[in-house]
Every structure is written in structure tokens, then in C-alpha cells.
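Report on the following structure.
What follows draws every value from the coordinates through simple rules; no lab data is involved. Since the structure is predicted, the reported quantities are computational estimates derived from the model, not experimental observations. Cβ atoms come from the backbone with ideal geometry, glycine included; neighbour counts cover every protein chain shown.
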Amino acid sequence: MATARAILTRVVNSLITLVVALLFISAIFAVFKVTELEGRLAEELPLMLQQLEQQYRHNPELFEEKAKQLEQDLREKYGLTGSYWENVVNWTVRLLISNLTFNFGTTQYSYIGGTNDVGEILIIALKNTAILFVTATIITSIIGIILGLQMARRPGSPLDRGISILGMISWSLPTWWVAIIMLLVFSFYLGIFPTQMKDVYSELARLPGGLEYYILSIPIWLRYMALPVITLVLVSFGGWAYIVRNIVLGVLQEDFVMAARARGLPERRVIYGHVLRTSSPPIVTYIALSLVGAFGGAIITEAVFGWPGMGLVYWVAIQNQDATVLVASTWVLTVAFILTILILDFIYALLDPRVRVG
């Protein structure tokens, strides 16, 4: 009963957080949307009034009547029928309802996938971002955990010092700058990898259908993914290893590790059966937050590589001042983040008995 109550409490808290976050996001973008529409109205109305004045220049009274009707029609067209703050409230409610029902509507701009449906655009972008960044995060995590364990077992060794220095250097380098260098060297000078990764869809479109499509598409995806994945792993694995090293090094000083070694347990069992499991909650947290962060993509990194993911969609939406796509993208990432935090609570209970007892 207590366990069910705790689970229900966490779920309700997450839902409340989600709704509050969505309300805040919707209000911000509603202000942006209303301001944008007011500006568009201010540009369009004088031009149409000028045309109307030419048409009714011999009948001023009729012109005044038509001008008022024209302004009213334009305001209804843009949804600006009230005062500024009334319009903001109306757009906030509209965005809130549309996002709660996952009905994001359409956009007038072209992004990826040859569709104007915002939901379909985000699905394609999320898939592409997951393919790239989740792959890079998993590879980075595996390398970081292996190196971090070895560094913690031999603190002060050449491996420990070398990876620590490499981690600090690589962690301080901007990913977009490394991406540009990698593109210059391996794409423009050596010609090993493509220069723009969004061209992957052009090659995939030329493939035959059926089972042969899936077989032939694998090497194409790998060729286009290789340079971005290598870049992301290169700038991240050293820092990852350093973080794991510090976490594991702290656990190695605990009394239960000394007791396990005193009982004569093999070192491998001590490290992987006791130390790594005790260190797993913060490591799992870092992996989970990295993965959910990956679904947001890296705006500048994806823009540099031309990777058709969430980051590139966000970047193009900012340039287009497309509030519909911006609020939908932010909402999807907010849902993913809060769900990840909720799932982490349950993973903690499995990994750490102290959390389960609490």
C-alpha cells in the first residue's frame, strides 16, 4: 500500500510539473506569437488600405466603412480580436490545449520530410536525432565507464594522468569548432565523408524498395553518421571517463569495499559486483540526462553538419520566427525530460536499496 501511494504521488507530482511547465512555455510563446502577428498586421494593413483608398477615392464615407471592415477582417484572420493581453491569454489557452492533445497543427515553412504537419516533422527529426546522438552517447558512455574504472583502480598512473588531461582539454573545446575542423579535414580536403549529412535522404530515395532497401540503407546511414559520431565521442569521452573515475574513486574508499577485499573476494567481483553497482545511480543519472538531452540535439552542431534532427529544426524555426514549431519542439523535449526524471526514480529504487527503503 505504501509503495503504491509513493508511486502515485510521484506520478501526480510529475503530471503537475508537466502542466505548469507547459503553461509557462505556452505563455512565453503566446507573447511572441501575438507580437509577431501584430507586426504582420501592421505591415499588411497599410498596403491594403492604400489599395482600398484608390478604389474608393471619390467616396470617402464608403472608404471609411470599408477600411473598418477590412481591419476587423484582418484581425479575425490573425486571431487578434481583443486587446493585446486578451490575445496573449487566448493564444496561451490555444497553445496549451493543442500541445496537451499533441495536435501541433501545420506550418507554412518547409523543414524536413516534405511535409508541413508539425507533428510529422518532429517525429522525423526525433528519429534522426536519436540515431545520431543516442548512438554517440552510448559509445561515449561505454568508453567512459571502461576508462574511468581503470583510472580509479590505478590513481596517479600514466593512464590516469593522461586521460584526465585529455578529458579537461576535450571537454573545454566547443563541439561546433571541432565539427568544423573535422569537416575541413575529412570532408573538404580528404573527401572521405560527405559535407552535408542531410543529403542522406537523397541517396536513400534512389534505393529500390522491399528488403533490399533496408539492407542497402545501413551502409549509407553509417557513412553519413560516421563523422558526426566520431566528433561527438572525441569531445566527450575524456570528460566522461574523468567523471566516472571520481565517482568510483570515492566508492573505493568505503568500508564495505575493504571488507569485501578482506573476505578474499576476487578483485573483479569487488569492482563489478560491489563498487560499480554502488556507483551506478549517479552514472545512470548522467547517462539518462545525456540521452534525453540528445533528443534535443545540439543546435549548432547539427547546423554545422547539416544533420536533419531536432537541433536543425529548432535552428531553422528560430530563423523563420516560427512559434508553432518552437513551442511544439520545446513541449516534446519537456515531456521527455520530466518522464526521464520519473523513470530515474524507479531505476534508483532497483539499484540502491536505501532509496527503496526510503
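Listed values, structure above:
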| read-out | value |
| --- | --- |
| Centre separation in Å (Cα based) which lies between the range 276-337 and the range 187-205 | 23 |
| Positive-end residue of Ile218, Ile343, Phe256, charge dipole of the range 118-357 with Cβ unit charges | Phe256 |
| Phi-based couplings in Hz for the range 79-85 (Karplus 6.51, -1.76, 1.60; Gly and Pro marked x) | x, 10, 7, x, 6, 4, 6 |
| FRET efficiency estimate (nearest 0.05) - Cβ-Cβ, Leu207 to Leu23, R0 51 angstrom | 0.70 |
| Tally of Lys pairs whose C-alpha atoms are under 19 Å apart, taken over the chain, 8 or more apart or cross-chain | 4 |
| Highest-fluctuation residue, Val313, Val284, Val20 considered, GNM on the chain with Cα pairs under 10 Å | Val20 |
| Rounded to 10°, Cα long-axis angle of helix 310-320 versus longest principal axis of the chain | 30 |
| Sequence-separation-based contact order of the range 118-357, relative, with Cα cut under 8 Å and 6+ spacing, percent | 31 |
| Value at 222 nm in deg cm²/dmol, rounded to 500, when DSSP H runs of n ≥ 4 in the chain each add -39,500 (n - 2.57) | -26000 deg cm²/dmol |
| Excluding exposed DSSP-loop trypsin sites (Lys or Arg not before Pro) (at most 11 other C-beta within 10 Å), longest clean stretch of the chain | 58-205 |
| Within a Gaussian network of the chain (alpha carbon springs, distance under 10 Å), most fluctuating of Val233, Val185, Val248 | Val185 |
| Candidates Val304, Val12, Val235, ranked by Gaussian network fluctuation over the chain, Cα under 10 Å, top entry | Val12 |
